[in-house]
Amino acid sequence: MNVEKILIDLGKKHPGEVEYLQAVREVLESIEEVYNQNPQFESASIIERLVEPDRILTFKVPWVDDHGKVQVNLGYRIQFNNAIGPYKGGLRFHPSVNLSILKFLAFEQIFKNALTTLPMGGSKGGSNFNPKGKSDGEVMRFCQSFMLEVWKLIGPETDVPAGDIGVGGREIGFLYGMYRKLARENTGVLTGKGRGWGGSLVRPEATGFGNVYFANEMLKTKGESFAGKTVCISGFGNVAWGAALKATELGAKVVTISGPDGYVYDPDGIKGDKIDFMLELRASNNDVVQPYALEFGVEFHPGKHPWEVPCDIALPCATQNEIDKQDALNLINNGCKCVCEGANMPSTPEAVEVFQEAKILFAPGKAANAGGVATSGLEMSQNAMKLSWSAEEVDARLHQIMKDIHQQCVINGKQADGYVDYVKGANVAGFIKVANAMVDQGVI
Ligand code: NDP
Ligand code: 2IT
C-alpha cells in the first residue's frame, strides 16, 4: 500500500475536506503493516472500497421559525460501511457541520463500532442547524422536516441514528415521533430514546462513563487509578457530564470544564450539585460555560482552552482538533500522564505525536468514547427483544465492553519496548474485523 499516493488521489477527488483526509491518513498509516501482510486485502481492493462512503444523502431542511419566517438548512446522512451490521452513528446539529466533518465522523465510526464487539456498521449525519437560542417549537419543526427526508433511508435493520453534538434527548424525541408517524411502526430506529418509550438506562451517561472506564484500564497498566488524581475536562455537554460524574465517583478531582467562550477553573472540584448544574447549563440553550463561574464564584478564563491547567489526567470531551501542539506540550510540561479522548479526534496529529513521543498514556476517541455507541447497541438489543435491562446490567455490560476494547488495543498496539500505541491498536483491531468481513462477502 502506498499511503501517500492514496491520500493524494483522495485529496484530488475531495479537495478541501481537511478533517476527512486527516482521519483517513491516521487509519492508513496505522494499518499499512498489517495490510501488506495480508495479500487478500489488496486483491479485494479493500482500501479503495473502504475510504469512500457507500452513499451520501444531502438534502435541504425547510422549517418555519417562531416569527413565521421560512428558514432553510442543509441536512446529510452518510452511510459509510455496513459490512458487519446495520449502519449506526449519531446526528450532529451545529453551525460548523459540513461534508468533511461528517465524513470524518462516519469513517471513524466504522472502526469504533467494530471495536465494540457488537454488529454495527458506520454512519453519521446532521445539519448546520444551530439549536442554540431556538425555542422547543422551532427545534421540533426543524427535526420533523429533517426526518421527512431521512426516514426513507433508515430503519432498525438498515441504519440507526443517535445523538451527537447538539442532539440530545429532546431532539431524539422529536425525530422519533416523526419517524413513527411516517413509518407506522414503533421500532428501535433511533437510540438515545426516552426511558418510557424504548430507551436504555445508562445511555445518557454511557459515553462519559465508558471514557473513564477506558482511562482506568490504561492507568491500571501502570499500577495507577483515578483516586486522588486531578482531572481536566473540556466541553460541558453530554460526554463531559458523564465523564465528570464517573471520575468524581472514582475519587478524582475534576477542576475544569469549557465551552466555546473559554474555560472554568474550579480548584475545589466539580462535584455533586455542580455536576447537576452542567445539565442545566446544557439545557439552557446558550453557548457559554461562564454562568458556572458566576454561580459558584470561581475563575473563568475567556477564549482559552483548559490545557494550560496542571493535571494528571486530561479528558477532552468537546470537539475535533481542540488540542494543538502547544496545548499538548503544556499538558506534558505540567505533568499530565494520561490523555483519554471523549470527543471524536480532539487532538491534532501534531498533538498526538507529542503525547506518543513523551510515552504517556494516550487513547484515541474511536476506542475511548466507544461506550456511547456500544450502549446504543445494547439499546438495539433490548428493543429487538422487547424488554429492558436494569441500570446495573447495562452498566456491567458497558464496563466489560470497555475492558475488551482496551485489551484489543493492547494486543494490537504493544511496541517492542512495551509502550502501547493505542492509536495503532484501535485502528488495526477495527480494520481487521471490517476488512475480513468485506473479503468474506465479496465485491458488492
Ligand atoms: P453536546 O452537544 O452535549 O456538547 C458538546 C460540547 O462541546 C458543548 O460543550 C459544546 O459547546 C462544545 N463545543 C461544540 N463545538 C465547539 C467548538 N467549536 N469549540 C468549543 N466547544 C465546542 O455534545 P456531546 O457531549 O454529545 O459531544 C461531545 C463530543 O463527544 C463530540 O466530539 C462528539 O462527537 C463526541 N461523542 C459523543 C457521543 C455521544 O454519545 N453523545 C459518543 C461519542 C463521542 P456548545 O454546545 O456551547 O457549542
Ligand atoms: O460518536 C459517536 O459514537 C456518537 N455520537 C454515538 C453514536 C451512536 O450511535 O450512539
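Please treat every number below as a calculation from the coordinates, not as lab data. Computed from a predicted model, the values in this text were never measured in an experiment. All Cβ positions, even for glycine, are placed from backbone atoms using ideal geometry, and neighbour counts span all protein chains on display.
In units of the rule-of-thumb radius 2.2 N^0.38 Å, segment 69-152 shows an alpha carbon radius of gyration of 1.19. A straight Cα-to-Cα reach below 14 Å connects Lys181 with the aspartates and glutamates Glu149, residues fewer than 8 places away in its own chain not being considered. Put simply, the amide H of Cys336, placed in the peptide plane, has neighbours under 5 Å in Cys311, leaving out anything fewer than 5 places away on its chain. Here the chain is described by how far its Cα atoms reach on the three principal axes: 59, 52, 44 Å, from widest to narrowest. The string of couplings for segment 327-344 from the Karplus curve (6.51, -1.76, 1.60, θ = phi - 60°) is 4, 5, 5, 4, 4, 4, 5, 8, x, 5, 10, 8, 10, 10, 6, x, 7, 8 Hz, one whole number per residue in order, with x for Gly and Pro.
Considering helices alone, the calculated mean residue ellipticity of the chain at 222 nm is -15000 deg cm²/dmol, with DSSP H runs of length four and up weighted by -39500 (n - 2.57) and normalised per residue. Lacking any other cysteine beta-carbon closer than 4.7 Å, the following Cys residues of the chain have no compatible partner: Cys143, Cys317, Cys336, Cys338, Cys340, Cys409. Between the amide H of Phe80 and those of Asp54, Gly122, Ser123, Lys124, distances stay under 5 Å, these residues lying 5 or more places away or on another chain, with hydrogens modeled in the peptide plane.
Applied to segment 159-174, the Karplus parametrisation 6.51 cos²θ - 1.76 cosθ + 1.60 on θ = phi - 60° returns per-residue 3J(HN,Hα) values of 7, 10, x, 8, x, 7, 3, x, 10, x, x, 4, 5, 4, x, 5 Hz, with x for Gly and Pro.
Taken over segment 311-358, the alpha-carbon convex hull comes to 58 cubic angstrom per residue.
Of the residues Asn73, Asn321, Asn333, the one that moves most in a GNM of the chain with alpha-carbon contacts below 10 Å is Asn333.
The residue list Phe107, Pro364, Ile6 was ranked by how far each Cα lies along the charge dipole of the chain toward its positive end, using unit charges on Cβ atoms, and Phe107 comes out on top. Taking Ser43, Ser381, Ser234 as the candidate residues, the one with maximal mean-square fluctuation in a Gaussian network model of the chain, Cα springs under 10 Å, is Ser43.
The distance linking segment 172-186 with segment 52-111 is 18 Å (Cα centroid to Cα centroid, whole angstrom). Karplus-based coupling profile of segment 123-129, in residue order and whole Hz: 8, 6, x, x, 7, 7, 5, with θ = phi - 60° in 6.51 cos²θ - 1.76 cosθ + 1.60 and x standing for Gly or Pro. Once you divide the Cα radius of gyration of segment 311-444 by 2.2 N^0.38 Å, the number left is 1.21. Just checking the listed ones, Ser45, Ser127, Ser145: in the Gaussian network model of the chain with Cα springs under 10 Å, the one fluctuating most is Ser45. List, in the order given, every pair from Lys253/Lys359; Lys403/Lys424; Lys69/Lys134; Lys246/Lys359; Lys88/Lys124 whose Cα-Cα distance in the structure shown is over 19 Å. Over 19 Å Cα-Cα: Lys253/Lys359; Lys246/Lys359. For the pair Asn130 and Ser284, what calculated FRET efficiency results from E = 1/(1 + (r/R0)^6), where r is the Cβ-Cβ distance and R0 = 25 Å, to the nearest 0.05? Calculated transfer efficiency: 0.95.
The mean of 1/r over all distinct Cα pairs in segment 156-298, once inverted, gives the Kirkwood hydrodynamic radius of 16.6 Å. Between amide H atoms placed 1.01 Å from N, distances below 5 Å from Gly163 occur with Leu91, all of them 5 or more places distant or on a separate chain.
When the Cα centres of segment 298-353 and segment 199-247 are compared, how far apart do they sit, in Å? Here the two parts' Cα centres lie 15 Å apart.
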